[in-house]
Amino acid sequence: MANIEWLTEVSMEIISYAGMAKSKYILAYEALKKGDQEAYEQQQKEAEAHFNHAHHVHAEVLAKEMQERTPQISLLLAHAEDQMMSVETTRFLTSELAEIIRKK
């Protein structure tokens with residue numbers, strides 16, 4: 001049976017770190033638009049760290065589900081996974097836009 005208390009904690013951790021990553025990716029893009037390469041790189045580095053943390057926690061949930069063969073899902077976890085997908089999209093788009101800006 002799913003541990004709701006644990007799921008709530010890890011879901012909030014994923015949401016928090018995914019949100020910070022998304023914000024940092026956007027700040028990185030804004031810095032690059034202003035021509036501030038140093039700020040861009042710093043924001044990107046911080047974004048990657050936050051994203052990697054969220055991804056690691058998410059992987060722990062998946063591993064637990066596979067080990068226990070018990071579904072580990074809640075509406076909050078579904079929201080956390082949605083946030084992760086949103087960050088992946090933001091990550092990709094800001095990287096692509098950064099390449100376009102650099103080529104100008």
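The values are calculated or read from the model by the stated rules, or taken from the named source; none is laboratory data. As the structure is a prediction and not an experimental result, all values here were calculated from the model. All Cβ positions, glycine included, derive from the backbone under ideal geometry; neighbour counts span all protein chains shown. Heads up: the accessible areas ignore ligands, DNA and RNA and are worked out on the full protein's heavy atoms, side chains in. Shrake-Rupley method; radii C 1.70, N 1.55, O 1.52, S 1.80 Å.
For the chain, lysine pairs with C-alpha atoms less than 14 angstrom apart, excluding pairs fewer than eight positions apart on the same chain, total 5. Stretched out straight at 0.36 nm per residue, the stretch from residue 60 to residue 92 would grow longer than its current Cα-Cα span by 9.2 nm. Once you order the gyration tensor axes a ≥ b ≥ c over the Cα atoms, which shape class does the stretch 40-83 get: rounded for a/c under 1.5, otherwise prolate or oblate by comparing a/b with b/c? Here the stretch 40-83 falls in the oblate category. Each Lys and Arg Cβ is given +1 and each Asp and Glu Cβ -1; about its Cα centre, the chain then shows a dipole of about 480 debye.
For the chain, carbon and sulfur atoms together expose 57% of the accessible surface, with a 1.4 angstrom probe and every protein chain in place. Only helices enter this figure: runs of n ≥ 4 DSSP H residues, each worth -39500 (n - 2.57), summed and divided by the residues of the chain, yield -31500 deg cm²/dmol at 222 nm to the nearest 500. Gyration tensor analysis over the Cα atoms of the chain returns equivalent ellipsoid semi-axes of 33, 11, 10 Å (largest first, whole Å).
Positive end of the dipole of the chain (Cβ unit charges, origin at the Cα centre): among 67, 10, 93, the Cα lying farthest that way belongs to 93. If you plug the beta carbon distance of residue 79 and residue 102 into 1/(1 + (r/R0)^6) with R0 = 35 Å, you get a FRET efficiency near 0.50. Accessible surface comparison of 20, 85, 66, probe 1.4 Å, protein chains only, largest first: the order is 66, 85, 20. Annotation: per residue accessible area for the chain equals 64 Å², rounded to a whole number [probe 1.4 Å, protein chains only]. Taking all protein chains together and rolling a 1.4 Å probe, residue 75 ends up with roughly 150 Å² accessible. Looking at the stretch 12-71, the trypsin sites (Lys or Arg not before Pro) that sit in a DSSP loop and have at most 13 other Cβ atoms within 10 Å of their own Cβ are 34, 69.
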